[in-house]
Amino acid sequence: MRKLIGFFAGLLLLVIAFGAMAVSGAIFDTSRQIRIESYFFQPNNLSSQRLGVPQTIAELGEAKMRQLLVQRYISEYFYIIPDDKDVEERMKSDSPLDMMSTAKVFNDWRAGEGLEIQKLAGDKAFRVARVIGDIFKPKGSDYWTVICELVTWPRSNDMAQIPVITRLELHIGIEDTYIMDFRENMNIASWLDEGREPAAIFRFGVTYIDIDTKQRIGA
């Protein structure tokens, strides 16, 4: 009786084994040209934060391009990470900030805001900067008005801190005659392959900047 049970048990195992092999063969049967469809899952309920089809410069338009480039410029102008080497790279000639500024604007940043950033980075501070709303040029003015907010943590990696929030009103001059075009005599593919700042490939430059502190919140 035991031999009979063992025989049927063995036969059942063989059937299961062959069944598993058949299923595996069906899944990975390349002769049937089985296709795998890939999907991106966006864990965000806001449609504006979901991945979309890449847009060309022409589709974005001049106003949107200017807004995006100013946002990137403001981030580059004010951000802080606790890394001395990062500040040193930003202060060099041909840095992204230098390329997007006139010589005077960049030298003023290096002698003013840049030194303050260098000190705070040495103290292990962390700061993010963002533009609030759309930039605009008041009627009769030569300068664009930009409202931005700086959020600064005096010590990084200390989530118990209350950040210092500074709201600024900036008046900036922008040279964007060729904003819809790329810089000449520049190997753009090589620049991007090296992981360098994409905004610097456009013919865009800040010719003047004036900063007015509007209000300060936090400790």
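The values are calculated or read from the model by the stated rules, or taken from the named source; none is laboratory data. The model shown is predicted, which means the values in this text are computed figures rather than measured ones. All Cβ positions, glycine included, derive from the backbone under ideal geometry; neighbour counts span all protein chains shown. Please note that ligands, DNA and RNA were not included when accessible areas were found on the heavy atoms of the full protein model with its side chains. Shrake-Rupley method; radii C 1.70, N 1.55, O 1.52, S 1.80 Å.
Of the cross-linked pairs Lys64/Lys104; Lys64/Lys119; Lys92/Lys139; Lys104/Lys139; Lys119/Lys139; Lys64/Lys85, which ones have a Cα-Cα span greater than 28 Å in the structure shown? All intermediate terms of the calculation are to be shown ahead of the outcome.
On the way: Lys64/Lys104 26 Å; Lys64/Lys119 34 Å; Lys92/Lys139 36 Å; Lys104/Lys139 26 Å; Lys119/Lys139 39 Å; Lys64/Lys85 32 Å.
Where the Cα-Cα span goes over 28 Å, the pairs concerned are Lys64/Lys119; Lys92/Lys139; Lys119/Lys139; Lys64/Lys85.
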Q: Mind giving me the nanometre distance, one decimal, between the label points for Ile132 and Asp84, set 7 Å out from Cα along Cα→Cβ?
A: 3.5 nm
Q: Compute, for Ser75, the solvent-accessible surface of its heavy atoms (probe 1.4 Å) with the complete set of protein chains present, and express it in square angstrom to the nearest 10.
A: 30 Å²
Q: Please work out how much length the chain gains when fully extended from Ser141 to Asn157, using 0.36 nm per residue of separation minus the C-alpha to C-alpha distance, in nm with one decimal.
A: 1.5 nm
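If packing is taken as the mean number of other Cβ atoms within 10 Å per residue, what is the order of 115-121, 158-164, highest first?
115-121, 158-164
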Q.
Based on Cα coordinates alone, diagonalise the gyration tensor for the range 83-219, multiply each eigenvalue by 5, take square roots, and list the semi-axes in whole Å, largest first.
A. 27, 22, 13
